[in-house]
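Take a look at the structure below.
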Amino acid sequence: MAKDYTELAKEVVASVGGKENIISVSNCMTRLRFILKDDSIPNENSIKEINGVAGVINQGGQYQVIIGTHVTNVLPFVHKEIDTMGNSLEQEGKAKAENMKLVKKDSLWNKFFKTIQGCLMPLIGPMCGVGILKGLLTILTSCGILSTTDGTYILLYNAADAFMVFLPIFIAYSAAKVFKASPVLMMAIAAALVSPTLLSFVGAEETLSFLGVPIEMVNYQNTFFPAMVACLLGANIERLFKKIIPEMIQLMFVPMCTLLVTIPITFLVIGPVVTVVSNWIANGVVSLVAVSPVLAGIVAGAFWQLIVLTGLHTAMVPIIINNIFTLGACPLNSILTMTVFSVSGVALGYGLKVKDKQRKSMALGNVVAGLCGVTEPIIYTIALPKFKEFVCAFIGGGVAGGIIGFAGIKYYNMVGNGIFALPGMIAPTGVDSKFYLAIACAAIAFVVSAVCAYVVTNKED
């Protein structure tokens, strides 16, 4: 039977200023993300005292209430509480107008961050799911349990790979919601990017041209940014044609005209330019890590969870995805993954040492959640209030991150976090010594942090 979160939803909504102060609310993996009319109204201390709330962050134009992995179950109760479905069309219009005013006031960074988050976050779950499945299949083939010629392997691997191959289409669907455009029309634009016929001209001797203008054909499979930018253009063009085309013929002619304008611009300008920028970003990250892999590993491994505190860690996701799809691997996320194990180790060390039964139970109970990639409950209940325990996480993550950087262990598939991130470090050629070293580094991060936390924790705390 599903748990009732009515009381939690009531308390949270009331604490952020009531439904009158809420423009919109969504969620990520662990947080309710409110866009408020006035973010000075909520009382941070009172929200933190609500049973079921792990912490609060006001960052990036959003008021974030940390709930935990069950946040997806809580969100419907919040929606019910603010009664968004019961709003009149006039009220909805006012809410959208307020939202647009807020967006206009935002900094360029906040606008960019919100756009990326809105387009990408709905896809994270399926993306991680298919990544884990591909990693498990690689393990099974490396162990000789399956062969790459087996029907089982072919079916499952290609089913998982299809999501990534046609990623631009899925990006278009979520981008359409962000840009207030027709989802199917935006998907049609993105589908052109992965058309098998058009892709056949990539690297071919025969060049493709549009009205005599040559097209630089690029493989847009497994890409994120080209589809997002194309949909941004498409959404604006669609709105333009809705204004100038008579309503009685809009059903057919708005999509046709939108495609007629957007597709050529996408292939002639957007695609090639965005691809170049994507390569710059990918190579830039690699170059920074290459300057001193060990130092990069130590610094990122030690202090990444401080970025998680701000809620801005999701800004790294598109960069990681871009690196994987552009270069075939990301040298950074394998380091960042170690921080999850270090924070989880802190929870274990603290839980084993502290006498208070409630704190002990809370800490030990969060170890599993931490190992599965959800570190916020540990950070906000243990590491941050008891900062010396947080330092222990810095030590464990830094040691493991330094080893990862020295060994050149990379991240090849976008998978989950914590233990679910480990399959992402399996090379396309199969399980090798670096994968086993990655597991060893995860254990080092966990054990070192646990031992340090046990040593520094006060029993009576």
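The values are calculated or read from the model by the stated rules, or taken from the named source; none is laboratory data. As the structure is a prediction and not an experimental result, all values here were calculated from the model. Methodologically, a virtual Cβ is constructed for each residue, glycine included, from the backbone with ideal geometry; neighbour enumeration extends over all protein chains shown.
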Exercise. When I403 is evaluated against the numbered criteria (1) under 26 Å from the mean Cα position of the chain (by Cα); (2) in a loop (DSSP other than H, G, I, E, B), which criterion, by number, is the only one it fails?
Worked result: (2)
For this session: Give me the pairs, please: first residue somewhere in segment 349-360 and assigned by TED's automatic domain parsing to the domain that holds I382 and among the aromatic types (F, W, Y), second residue anywhere and outside any helix (DSSP H, G or I) and modelled with pLDDT under 90, beta-carbon distance under 9 Å, and either six or more positions apart or on two chains.
Result: Y350/K386; Y350/T457; Y350/D461
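Which of the residues belonging to segment 146-175 are closer than 14 Å to M228 by Cα and either assigned to a helix (DSSP H, G or I) or of a type in the set (S, T, N, Q) (or both)? Lay out the reasoning, then the answer.
Quick first cut of segment 146-175, residues closer than 14 Å to M228 by Cα only: 166-175.
Result: L167, P168, I169, F170, I171, A172, Y173, S174, A175.
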Seminar exercise, completed: Listed by first then second residue, the pairs whose first member lies in segment 256-284 and is within 18 Å of F325 (Cα to Cα) and in the same structural domain as A181 (by TED's automatic domain parsing), whose partner is of a type in the set (K, R) and surrounded by 15 or more Cβ atoms within 10 Å (Cβ to Cβ), with beta carbons under 7 Å and at least 6 positions apart or on separate chains, are none
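Select from segment 29-42 the residues that are out of contact with any Phe, Trp or Tyr (no Cβ under 9 Å at 6 or more places or on another chain) and surrounded by 13 or more Cβ atoms within 10 Å (Cβ to Cβ) and list them in ascending order.
Initial filter on segment 29-42 (out of contact with any Phe, Trp or Tyr (no Cβ under 9 Å at 6 or more places or on another chain)): 29-31, 37-38, 40-41.
Listed by number, the residues that qualify are M29, T30, R31, K37, I41.
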Problem set entry | Matching residues, segment 176-192, being at pLDDT 90 or above and in a helix (DSSP H, G or I) | A176, P183, V184, L185, M186, M187, A188, I189, A190, A191, A192
For this session: Return yes or no: is F446 aromatic (F, W, Y) and at pLDDT below 90?
Result: no
Problem set entry | Residues satisfying the stated conditions in segment 412-454, i.e. in a helix (DSSP H, G or I) and without any contact (Cβ under 8 Å) to a residue 40 or more places away in the chain | S433, K434, F435, Y436, L437, I439, A440
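Filter segment 1-28 down to residues that are part of a loop (DSSP other than H, G, I, E, B) and within 27 Å of the chain's Cα centre (by Cα) and give me whichever is surrounded by the fewest Cβ atoms within 10 Å (Cβ to Cβ).
Step one: of segment 1-28, the residues part of a loop (DSSP other than H, G, I, E, B) are 1-5, 16-18, 28.
Filter again for within 27 Å of the chain's Cα centre (by Cα), leaving 2-3, 5, 16, 28.
On the way: A2: 6, K3: 10, Y5: 21, V16: 25, C28: 19.
If we take residues in segment 1-28 being part of a loop (DSSP other than H, G, I, E, B) and within 27 Å of the chain's Cα centre (by Cα), then A2 is surrounded by the fewest Cβ atoms within 10 Å (Cβ to Cβ).
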For this session: State all residues of segment 340-366 that are buried (at least 22 other Cβ atoms within 10 Å of the Cβ) and either under 27 Å from the mean Cα position of the chain (by Cα) or not in a helix (DSSP H, G or I) (or both); if no residue qualifies, say none.
Result: V340, F341, S342, V343, S344, G345, V346, A347, L348, V354, A363, N366
Seminar exercise, completed: The one condition A227 fails out of (1) under 27 Å from I265 (Cβ atoms); (2) not in a helix (DSSP H, G or I) is (2)
Exercise. Within segment 271-289, which residues are surrounded by fewer than 16 Cβ atoms within 10 Å (Cβ to Cβ) and small (G, A, S)?
Worked result: G284, S287
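Return the only residue of G416, G396 being touching a Cys at 6+ places or on another chain (Cβ under 6 Å) and either crowded, with 24+ Cβ neighbours inside 10 Å or closer than 23 Å to C143 by Cα (or both).
The match here is G416.
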Problem set entry | Breaking point among (1) crowded, with 18+ Cβ neighbours inside 10 Å; (2) at pLDDT below 85, for A204 | (1)
Problem set entry | Search result, residues across segment 201-221 that are more than 37 Å from the chain's Cα centre (by Cα) and part of a strand (DSSP E or B) | V213
